[in-house]
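Structure first, commentary second.
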Amino acid sequence: MRRKLFIFYEKLYRYFGPQKWWPAESPFEVMVGAILTQNTNWGNVEKAIRNLKAKKVLNAQKLNQLSGKKLALLIRPSGFYNLKSKRLKEFLKFLFSNYGGKIRKMAAADALSLRQALLAVKGIGRETADSILLYALNKPIFVVDAYTKRILSRHKLISEDATYDEVQSFFMRNLKNDAKLFNEYHALLVKLGKEFCLKRRPRCEECPLK
């Protein structure tokens, strides 16, 4: 199984090249993006991020001072903006209560204990927490999403009803415990899912993993 996962990775990397994910200028921007991308596509998130940058509030201190109503208006392109405004505020409360608003202090925390703490924040689920840990804080945690599950189940590596934790464990048992590898592998799976392993009418004959 380890060899198969490694071969998959090599094929995807050769075909697509490095993905340079997560596209952001700072770890805090990654964290905000991870929350905003819930139930929407990345293009909408980019519009919301641009709004925050245009108003020069894309940092922990300024976003924390911004009212929930004003924040909601700025992130409107991301959809569910009132809900996401509340979720961002809950995350900021967590960040300031535990780490004084300092990403550096947050990054120094143990990955597993930090994951449990993030999951206790209202509105942050497994995928969002793990995206923050991997892409913002460089912690070796494999992120699982719908693309990952779809690709692996179609290749008979997992069952269609496998849970998030089961899929994550599958990768982390069979891959080197390396944040850079986890980062690139997940980004490549997302690329494959978007371009070939489509939910409807998958392009199986052209798939790089064929």
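Nothing in this text is a laboratory measurement; each read-out follows from the coordinates by a stated rule. Note that the structure is predicted; figures quoted are calculated from it, not measured. Note that each Cβ is placed from the backbone with ideal geometry, even for glycine, and that neighbours are counted across all protein chains shown.
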Quiz item: Over all Cα pairs of region 1-61, how is the pair count split among 10 Å bins, expressed in % and running from 0 up to the last occupied bin?
Solution: 19, 37, 23, 17, 4
Quiz item: Packing-wise, with mean Cβ within 10 Å as the measure, how do 56-66, 70-80 rank, highest first?
Solution: 70-80, 56-66
Exercise. Taking every pair of alpha-carbon atoms in region 27-136, give the share separated by more than 17 Å as a whole percent.
Key: 48
Quiz item: Could you give the distance between the Cα centres of region 101-136 and region 1-59, to the whole Å?
Solution: 16
Quiz item: What list do you get for CYS197, CYS204 if you sort them by fewest beta carbons within 10 Å?
Solution: CYS204, CYS197
Quiz item: Okay, which of region 120-146 sit inside 17 Å, backbone N to the point 7 Å along the Cα-Cβ direction of LYS93?
Solution: 120-125
Quiz item: With Rg and the Kirkwood Rh both taken from Cα atoms, where does Rg over Rh land for the chain?
Solution: 0.98
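Using helices alone, I'd like the mean residue ellipticity at 222 nm for the chain: each DSSP H run of four-plus residues gives -39500 (n - 2.57), total over residue count, nearest 500.
Details: 12 runs with 127 residues, N = 210.
Calculated mean residue ellipticity at 222 nm is -18000 deg cm²/dmol.
I'd like to compare 35-41, 23-29, 157-163: which one has the highest average count of other Cβ atoms within 10 Å, and what's the full order after that? The partial results should precede the final answer.
Values: 35-41: 18.0, 23-29: 15.6, 157-163: 13.4.
Ranked from most to least packed, the peptides come out as 35-41, 23-29, 157-163.
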Practice problem: Return the lysines within reach of LYS70: Cα separation strictly under 19 angstrom, same-chain partners fewer than 8 residues apart disregarded; answer none if there are no such residues. | Solution: LYS47, LYS53, LYS55, LYS56, LYS62, LYS84, LYS86, LYS89, LYS93
